[in-house]
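Just so you know, all these numbers are worked out from the coordinates, no wet-lab data involved. The shown structure was predicted, so the numbers you read here are calculated from the model rather than taken from an experiment. Every residue, glycine among them, receives a Cβ derived from its backbone with ideal geometry; neighbour counts consider all protein chains shown.
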Amino acid sequence: MKSNKRPDIVKGLVHQKFRGEGDPLSEVFQRALRRPRIFKNREVMRSDYVPDRLPHRDEHIRRLGEILAPALSLSRPSNVFIYGKTGTGKTAVVRYVFKRFEEVAEKENLPLAFAYVNCRISGTEYKALSELCGAIGVRVPFTGLSKAEVYNRLRKGLREKGLLLVACFDEVDALVKSYGDNLLYELTRINEGMEGGGLSLVGTSNDLHFKDYLDPRVLSSLSEEELVFHPYTAMELVDILSERAELAFHDGAVPQNVINLCAALAAAEHGDARRAIDLLRVAAEVAERNGDERVEERHVRIAQSIIERGRVFEALSTLPLHSKLVLTSLLLLTKNGVNDPISGMIYQTYREVCGLIGVEPLTDRRVSTLISELDMLGVVKSDLVNMGRRGRTRKIVLLTPPDEVEEVIGSDEVLASLLNYTPSIARK
């Protein structure tokens, strides 16, 4: 039996089905295609944006420039190490200085190259070395070579091309905590016997106690020069946000009281400029999604709660491998009813999960240090308890909600398979 509905009516019904009230994306598309009311240039508020001017960091820029200046006369500059908490401008200053030096090197046709390696993103020594090779035009496969071979290709490339490479290892502590300081030691020795070309290192770390992880030989070679970045004050953050806001938002979209609030909240958390910029950006996105014309303080409060959960995920997902394994061990014990486990239980479970994924476990003492670091981050709480004749031990409590920890572990391809494991202690 033929349908008596005309094709144009059927077409209209289909249009209504996907474009009318039943379509959850219809309103989203309409808002997105309208001219933005708040953002003028969204990229300015991204964490990787390097502005033409860095307020309140002129002295640090000048000092780093002076240290690297010998490179312009093709002399190897001293290695330099930069300390400072998250959001104090370390990365922005290094990227800014590298950009300016690259412009001069290109203009003067100098055999200089600059490389920036984010050690948290690179993750492995192999990847870090391959990025250095890429910066000087030496091709290295994604995998398949030994670390020694990649190192030799880097050294050979520097010598044959006569290039002077200045490389920044950003958050180098993440690499050292996972793999030790052997790579740094090898890189500080790469210039020995090399007549043409060479390598100078710039290292940055959020960990003010990072020196404790380094062999004295590495420390003496790496830290020929040091810079320390202090946290921004509330007034300095106001200046930074005001300059960004002028470039990023339409006139009148972000009132001064909103900028002041974002600066005050970030200043209360150790003067973190990245935190302040993220807070203002997310607040603007919340206002824009709501269809509001201006960002208000209520949008900042909503953004604060959104970012807080995101920061926990980021902090945990960027932990070194063995710290994640310790956290996984504590999560598995908690999920299987072992409440407030002591350090010995965690270490036993840690050895079990290391065996499951084929990783060589660290010593009991090293794992104890990792637990202390998790305690400092506020992820766990570690209390020393007296066990009577059995001496003293530590009771470990998971402070981060288990579902948030499980989300982080589940997003890691290597560790996700461990979530269904039942530790031997819990099976007794």
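Report the Rg/Rh value for the range 145-276, based on alpha-carbon coordinates and the Kirkwood definition of Rh. Don't skip to the answer; put the middle values down first.
Details: Rg = 20.8 Å, Rh = 18.0 Å.
Checking Rg against Rh, the ratio lands at 1.15.
List the equivalent ellipsoid semi-axes of the range 58-228 in whole Å, largest first, each obtained as the square root of 5λ for an eigenvalue λ of the Cα gyration tensor.
Details: eigenvalues 94, 88, 42 Å².
In descending order the semi-axes read 22, 21, 15 Å.
For the chain, build the charge dipole from Cβ charges (+1 Lys, Arg; -1 Asp, Glu) around the Cα centre, then report which of N206, G378, V258 sits farthest towards its positive end.
Most positive-ward Cα: G378.
Assigning unit charges at the beta carbon (Lys, Arg +1; Asp, Glu -1) and nothing else, what dipole magnitude in debye, to the nearest 20, does the chain show about its Cα centre?
1300 debye
State, to one decimal in nm², a quarter of the convex hull surface area for the C-alpha atoms of the range 319-427, i.e. the direction-averaged projected area. Can you show the working numbers first?
Values: hull surface 26.1 nm².
So the mean shadow area of the Cα hull is 6.5 nm².
Residues of the range 170-214 with amide nitrogen under 15 Å from the 7 Å Cα-to-Cβ point of A148?
183, 186
If you count, for each residue, the other Cβ atoms within 10 Å and average over each peptide, how do 373-384, 315-326 line up from highest to lowest?
Values: 373-384: 15.6, 315-326: 20.4.
So the peptides 373-384, 315-326, ranked by packing, come out 315-326, 373-384.
Would you mind computing Rg(Cα) / (2.2 N^0.38 Å) for the range 233-316, counting N as its residues?
On the way: Rg = 12.0 Å, N = 84, 2.2 N^0.38 = 11.8 Å.
Rounded to two decimals, the normalised Rg is 1.02.
Enumerate the whole-percent occupancy of each 5 Å bin, from 0 to the last occupied one, for all C-alpha pair distances of the range 206-363.
1, 8, 13, 12, 11, 10, 10, 12, 10, 8, 4, 1
Based on other C-beta atoms within 10 Å, arrange T143, T422 from fewest to most.
Numbers: T143 9, T422 12.
Listed from fewest to most nearby Cβ atoms, that is T143, T422.
Cut-off is 10 Å between beta-carbons; in what order do D170, D403 appear when sorted fewest neighbours first? Spell out each step's value before the answer.
On the way: D170 23, D403 7.
In order of increasing Cβ crowding within 10 Å: D403, D170.
Would you mind computing, in nm to one decimal, how far apart the modelled labels at V50 and E293 are, each placed 7 Å from Cα along Cα→Cβ?
4.0 nm
Please work out how much length the chain gains when fully extended from I306 to E407, using 0.36 nm per residue of separation minus the C-alpha to C-alpha distance, in nm with one decimal. Could the numbers behind the result be given before it?
Numbers: separation 101, 0.36 × 101 = 36.36 nm, distance 1.61 nm.
Contour length minus Cα-Cα distance gives 34.8 nm.
Kindly work out what percent of the DSSP beta bridges joining two residues of the chain are antiparallel, to the nearest 5.
On the way: 9 of 30 bridges.
Here the antiparallel bridges make up roughly 30 percent for the chain.
With +1 on each Lys and Arg Cβ and -1 on each Asp and Glu Cβ, and nothing else charged, work out how big the dipole of the range 319-427 is about its Cα centre, in Debye to the nearest 20.
Working: 12 positive and 13 negative charges, 150 e Å.
So the magnitude is around 720 debye.
If you take the Cα atoms of the chain, find Rg, then find the Kirkwood Rh from the mean of 1/r over all pairs, what is Rg/Rh?
1.05
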